[in-house]
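The values are calculated or read from the model by the stated rules, or taken from the named source; none is laboratory data. Everything numeric here is computed off the predicted structure, so don't read it as measured data. The area values use the complete protein model at the heavy-atom level, side chains included, leaving out ligands, DNA and RNA. Shrake-Rupley method; radii C 1.70, N 1.55, O 1.52, S 1.80 Å.
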Amino acid sequence: QRDWNLETYVDACKEAIHVARAITGADKVNLMAACAGGYTAVALLGHLQAIGEQNMVETVTLMVTMLDTRSPTLLGMFASKNGIALAGEQMGVNVEYRNPPTGDIADIARRLEDLQRDVGTPGREPPT
């Protein structure tokens, strides 16, 4: 699924939450994610917070999800000048490396928002 991106996975997770709530009649869900799925879950939580739907998630359990990039991690590996340049090359855009990550989740979320704003979603026009 070469054209899938983080937005694709976040949207699918959000839809799954809506379906689970509709089937069960529950107001809230308990979310569990492992490894790279944890990055998706954290992005989903940020999205839900931004659109005012954070109350549909009761608890979150993250397993083997390294969010602190002050220590070497797989996610941190891509937050280098070379990693960012390669990601931009793969998407056919020029992505500028700004500063190294500080390691907190708010910084990671800001970087994801910046990338989405600067690059947009493949196949769609970037937001204005």
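Numbers at a glance
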| item | result |
| --- | --- |
| Count of region 23-56 residues which are part of a strand (DSSP E or B) and under 19 Å from residue 6 (Cα atoms) | 4 |
| Yes/no for residue 15 being open to solvent by 70 Å² or more (accessible area, probe 1.4 Å) and of a type outside the set (A, V, I, L, M) | yes |
